[in-house]
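Working notes, structure below.
The values are calculated or read from the model by the stated rules, or taken from the named source; none is laboratory data. Since the model is a prediction, treat every value here as computed from it, not as a measurement. No Cβ is skipped: glycine too gets one built from the backbone with ideal geometry, and neighbour counts run over all protein chains shown.
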């Protein structure tokens, strides 16, 4: 279906008529309104922390003492028969134990490695899933699989679907905001695209620096008064055109300019952290500098500080009702130098993510804010023995099993779900396909993944696969 | 979908038929069967050996042996019996009985004879009889088809658009550039003398403009998923991709017949003694993405690219979603999995290769990446579409067509080639190609196709609002030598095209034709991303009108360029006139495209797109109000206007600005509003000379000052932000 048609559908099925129409499709609010959920929602907004590149689960969450024992040994060749790897040479590959110390945390005794001491203190709010698997083992297709539910191009991302389904609660900010730290990811802008949904459902990137949204700042010589005056005339002229043409699209345009004007105030206000207490700023670690021995993750010397700031901005966005925040950091693709690189990245994200969860909780926002930490796939228990490399210091891509965690938004805290075998090769209980994760995510928002559809190219499309039966995981839901 | 709209949408035109009219299978029954039954009784699963997605198979019935349909007798028809059975174990669909309204449709359809016509798009193309001229309005054949439907619905057509509106419409539709004031004046003069002759001359001029090829070339490049980089993580630059883009522009400017246009892009290399241009044409299939991420299986990616070539060919020419048949038979259309691999076999034997061709501008040879033949590779059916699971036992699959369509003539049945495929696509027996191409041309001139799913003419697609008109257009396209330009001319000279865009709320029209499916008016729509740029640069006088050449790098924000993977590509901003080229020449970096394009719904070129989205967002408003490119255009526009001030007073100068920007004079009301704004700004910048300096900067024409120029910049900035400015009315 094209936007004209869907708007028309809205018009014909809505009592609000032309006046209400002006507001539709703008930052996506009121397209459907919050009343359109399929059942009572638990979560109202989502902060998705996307660690692009595939973090090593057995060095962070999935404790495998047996793997350490088998360090340097070959693994059962049967398991390798049908496997394909990016770089790993099957015939000579050997298992690689983790150098990390693991301990249990919280009432639930959830395992965390020493790299995440702060996140570990949130154990009882965390729902840890260790049995995810995906169909993709290259980055960009894998990232699309996670964000869009399918490895192909041209599809909407999770944030687009949720905004399409629910609209935004904030009338001055976009419903889908993207925050980036460090270098670019494999997927680039496709990780927050709206695909075949109208671009009003695409993620809007918030930037660092004094212009938080692209083109937010008026040109030199146009002050607020000149801007307002111009926009008033613009509104009058567009209204005259509307009287003539009676095209509701003109009303949308008028509203879009008004919203743009409001964003000019709302977005800088969002990024202005002067009202935050010193204690808050310190808890997120805003003034942290990258350690000198940092890995590739740095991209600039300020990755740690930027990531901290993004986490704080994510809370401020959630506070303002922004439906979906996609917080992206690339550089978890540790084929070599795993130990120092992972230390750098974990150091970057541990403190601010823990601060975010606690801050949301203290402000009473965590119940309705779903925080998700995850990536496109996991890493191999085998050390990567790429041709021409002297030592195994990293791990290859592994789609069979990986770990993600969630907090808040109606998920069960203190739950460790799913289990992998002794070496973390594959799930031995409760395997969760990426699409099952998507189905559950939508469920938390009160949306049935089979019914949240959009007609495109003659078919009803959705976030989950049309050919595979995806299942909501009821165990995760509090 | 959350509302029941998807269903309403499929039934789109149902509301147009009155209760007395018989049930229409295509628009009322088939969507229902597809939606409610095809999941178990379609191409993927055939429970009880029953398939309900096409006539032949459905009428065979299932294993039960009971007749599926007894015309006139619902109670004896197994279909109806099962839908209404009291026993939940017998009733279909299991667990979810159909709503009464849908059962009623099926019942009435069977009572009325259960006619199951051949699918509209698969019927052999015949030139339909043109309805008689019912009124003077119905001047052309197109108008007669349109008026017949409007008359049946008792909706009179809209009055014609104002002449200058029509002029701007034609300019934007045919070249994507607004008329200059000189063109506007000449047009007005000729119109007063003889409107019909004036219009025809205008259309002829626009069709011969070299900008025609840019405008219509860009439409085609969307379908070709053209870009200047590989895509995926590495997203390496393709420094020679533009050679194909220029081929498209030139072919369209020369009005290369669409059958030839097809053959050269499919198989130019296989023609006898192919010219360099014919080899370049095959780069259509070189536009696929290429994943060079470390550790990718290159064979897997090659298969993926090949599948994309099959899918793109089928969607762009045949309106078929054959890619649905890569893992299993097509769920809704009569295309088997084996047939998918017959199609696949043609492209499986094509390789990408860099060749040298003579440089048109002289000098060194030009490199370009094209497709060449590789006869070595054998094709097998890939089980579940997995390249690691070829069905060797099933035997080698040779290139071939789709059985339910016409037969494919193969020069050598042992070694069919892409040329056989190309000839099959453009064969006069092919019911799809001409319909698909004609519908797409119509879509670019009305904003909507007659079928609203331009790349899906299968049973899940939308049936055309005017099937006979579509057939007439398709037949005319073929009989007029597959000329794109002739068909466009025929369409734009019709009264249907010339109608005003005004939404009518008289005579209950919105009730009766809310989506304008009956074409009771023209459709008003925002121009595409590239044209937004072109419009701003044209009125500012900055546009560099040169055609073709290497892609260019207008300024984009540094942090956008830096978002390419690991910052692996440097965006070196073009200098001089190349900063001001038309939007279609902007270097398209797939993972970090120019936000000024993406904000306005430019496709990301990762997949073939026939129809673009049109959305309306605050980020668009921010772009045209604040972005450096558009702001500089407002500054240049003011400088240009003030240079032409002459003896004009402010009202006259504002009127002149309106004519430059919108190809019309302002109304008195508009002039008052804009005049007042200018006055306010004059006071504002009088009071704040520093702001005036900042705004006028280096854009002060001779004889003016910052204080006199700044108010004009601020005012014209608003004029070029009007909804009308970026709208094709």
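What is the one condition in (1) within 28 Å of residue A:467 (Cα to Cα); (2) away from chain A (no Cβ under 14 Å); (3) at pLDDT below 80 that residue B:17 does not satisfy?
(1)
Test each condition in (1) surrounded by 22 or more Cβ atoms within 10 Å (Cβ to Cβ); (2) within 13 Å of chain A (Cβ to nearest Cβ); (3) farther than 27 Å from residue A:207 by Cα; (4) over 22 Å from the mean Cα position of the chain (by Cα) for residue B:502 and report the one that comes out false.
(1)
Give just the number: which of (1) facing chain B (nearest Cβ under 7 Å); (2) modelled with pLDDT under 95; (3) closer than 19 Å to residue B:616 by Cβ does residue A:264 not satisfy?
The failed condition is (1).
For every residue, the table says whether it meets (1) within 12 Å of chain B (Cβ to nearest Cβ); (2) at pLDDT below 95; (3) over 21 Å from the mean Cα position of the chain (by Cα).
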| residue | (1), (2), (3) |
| --- | --- |
| A:390 | no, yes, yes |
| A:399 | no, no, no |
| A:402 | no, no, no |
| A:405 | no, no, no |
| A:410 | no, no, no |
| A:425 | no, no, yes |
| A:433 | no, no, no |
| A:439 | no, no, no |
| A:466 | yes, yes, yes |
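Okay, residues lined up against (1) surrounded by 15 or more Cβ atoms within 10 Å (Cβ to Cβ); (2) at pLDDT below 85; (3) assigned to a strand (DSSP E or B):
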{"position": "A:4", "(1), (2), (3)": "yes, yes, no"}
{"position": "A:10", "(1), (2), (3)": "yes, yes, no"}
{"position": "A:26", "(1), (2), (3)": "yes, yes, no"}
{"position": "A:32", "(1), (2), (3)": "yes, yes, no"}
{"position": "A:38", "(1), (2), (3)": "yes, no, no"}
{"position": "A:53", "(1), (2), (3)": "yes, no, no"}
{"position": "A:72", "(1), (2), (3)": "no, no, no"}
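Given the conditions (1) under 30 Å from residue B:43 (Cα atoms); (2) over 24 Å from the mean Cα position of the chain (by Cα), and given that residue B:324 satisfies all but one, which numbered condition is not satisfied?
Failed condition: (2).
Would it be correct to say that residue A:173 is buried (at least 22 other Cβ atoms within 10 Å of the Cβ), assigned to a helix (DSSP H, G or I), more than 8 Å from chain B (Cβ to nearest Cβ) and at pLDDT 90 or above?
no
Being surrounded by fewer than 20 Cβ atoms within 10 Å (Cβ to Cβ) and under 21 Å from residue A:412 (Cα atoms) is the filter here; which residues of region A:108-117 pass it?
If the condition is that a residue be surrounded by fewer than 20 Cβ atoms within 10 Å (Cβ to Cβ) and under 21 Å from residue A:412 (Cα atoms), then A:108, A:109, A:111, A:117 are the ones that fit.
Looking at region B:552-573 only, could you name the residues that are away from every other protein chain (no Cβ under 13 Å) and either closer than 17 Å to residue B:631 by Cα or not in a loop (DSSP other than H, G, I, E, B) (or both)?
B:552, B:554
Would you be able to tell me the number of residues in region A:212-224 that are more than 7 Å from chain B (Cβ to nearest Cβ) and either assigned to a helix (DSSP H, G or I) or surrounded by fewer than 17 Cβ atoms within 10 Å (Cβ to Cβ) (or both)?
Residues meeting the conditions: 1.
Give region A:339-369 a look and list any residue that's buried (at least 24 other Cβ atoms within 10 Å of the Cβ) and not in a helix (DSSP H, G or I), or say none.
A:369
Would you check which residues across region B:611-622 are touching a helix residue (DSSP H, G or I) at 6+ places or on another chain (Cβ under 7 Å) and crowded, with 22+ Cβ neighbours inside 10 Å and list them?
Correct list: B:615, B:616, B:617, B:618, B:620, B:621, B:622.
The rows are residues; the columns are (1) at the interface with another protein chain (Cβ under 9 Å from one of its Cβ atoms); (2) surrounded by fewer than 24 Cβ atoms within 10 Å (Cβ to Cβ).
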| residue | (1), (2) |
| --- | --- |
| A:165 | yes, no |
| A:169 | no, yes |
| A:184 | yes, no |
| A:188 | yes, no |
| A:202 | yes, no |
| A:231 | yes, yes |
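Could you please find all residues in region A:245-289 being in contact with a helix residue (DSSP H, G or I) (Cβ under 6 Å, 6 or more places away or on another chain) and without any contact (Cβ under 8 Å) to a residue 24 or more places away in the chain?
A:250, A:253, A:260
Could you list, in sequence order, all residues of region A:88-107 that are within 29 Å of the chain's Cα centre (by Cα), surrounded by 17 or more Cβ atoms within 10 Å (Cβ to Cβ) and assigned to a loop (DSSP other than H, G, I, E, B)?
Those that are within 29 Å of the chain's Cα centre (by Cα), surrounded by 17 or more Cβ atoms within 10 Å (Cβ to Cβ) and assigned to a loop (DSSP other than H, G, I, E, B): A:88, A:98, A:100.
I'd like to verify a number: residues in region A:408-462 that are touching a strand residue (DSSP E or B) at 6+ places or on another chain (Cβ under 7 Å) and part of a helix (DSSP H, G or I), how many?
3
Which residue is nearest to residue B:337 (Cα to Cα), if the candidates are limited to region B:416-435 and must be in a helix (DSSP H, G or I) and in contact with a helix residue (DSSP H, G or I) (Cβ under 6 Å, 6 or more places away or on another chain)?
If we take residues in region B:416-435 being in a helix (DSSP H, G or I) and in contact with a helix residue (DSSP H, G or I) (Cβ under 6 Å, 6 or more places away or on another chain), then B:421 is nearest to residue B:337 (Cα to Cα).
Residues B:438, B:413: which one is out of contact with any helix residue (DSSP H, G or I) (no Cβ under 7 Å at 6 or more places or on another chain) and touching a residue at least 12 places away in the same chain (Cβ under 8 Å)?
B:413 is the lone residue from the list that is out of contact with any helix residue (DSSP H, G or I) (no Cβ under 7 Å at 6 or more places or on another chain) and touching a residue at least 12 places away in the same chain (Cβ under 8 Å).
Take residue B:601 and decide whether it is touching a residue at least 12 places away in the same chain (Cβ under 8 Å), surrounded by 20 or more Cβ atoms within 10 Å (Cβ to Cβ), at positive phi and within 14 Å of chain A (Cβ to nearest Cβ).
Considered against the rule, which asks whether it is touching a residue at least 12 places away in the same chain (Cβ under 8 Å), surrounded by 20 or more Cβ atoms within 10 Å (Cβ to Cβ), at positive phi and within 14 Å of chain A (Cβ to nearest Cβ), residue B:601 comes out as yes.
Looking only at region B:295-342, how many residues end up being in contact with a helix residue (DSSP H, G or I) (Cβ under 6 Å, 6 or more places away or on another chain) and assigned to a helix (DSSP H, G or I)?
Total meeting the criteria: 12.
One residue is enough: does region B:40-50 have a residue meeting the conditions within 14 Å of another protein chain (Cβ to nearest Cβ), at pLDDT below 80 and touching a helix residue (DSSP H, G or I) at 6+ places or on another chain (Cβ under 7 Å)?
Within region B:40-50, not a single residue is within 14 Å of another protein chain (Cβ to nearest Cβ), at pLDDT below 80 and touching a helix residue (DSSP H, G or I) at 6+ places or on another chain (Cβ under 7 Å).
Please verify whether region B:698-705 includes one or more residues that are under 44 Å from the mean Cα position of the chain (by Cα) and either within 17 Å of residue A:231 (Cα to Cα) or surrounded by fewer than 21 Cβ atoms within 10 Å (Cβ to Cβ) (or both).
Yes - at least one qualifying residue is present in region B:698-705.
Is it true that residue B:115 is assigned to a helix (DSSP H, G or I) and either closer than 28 Å to residue B:526 by Cα or in contact with a helix residue (DSSP H, G or I) (Cβ under 9 Å, 6 or more places away or on another chain) (or both)?
So residue B:115 fails the test.
Any idea how many residues of region B:356-372 are in contact with a helix residue (DSSP H, G or I) (Cβ under 7 Å, 6 or more places away or on another chain) and surrounded by fewer than 16 Cβ atoms within 10 Å (Cβ to Cβ)?
Number of matching residues: 2.
Out of region B:189-201, which residues are surrounded by 14 or more Cβ atoms within 10 Å (Cβ to Cβ) and more than 18 Å from residue B:140 (Cα to Cα)?
Answer for region B:189-201, where residues must be surrounded by 14 or more Cβ atoms within 10 Å (Cβ to Cβ) and more than 18 Å from residue B:140 (Cα to Cα): B:190, B:191.
Of all residues in region B:676-697, which are crowded, with 17+ Cβ neighbours inside 10 Å, within 10 Å of chain A (Cβ to nearest Cβ) and either over 13 Å from residue B:635 (Cα atoms) or touching a strand residue (DSSP E or B) at 6+ places or on another chain (Cβ under 9 Å) (or both)?
B:677, B:678, B:680, B:681, B:684, B:685, B:688, B:691, listed by residue number.
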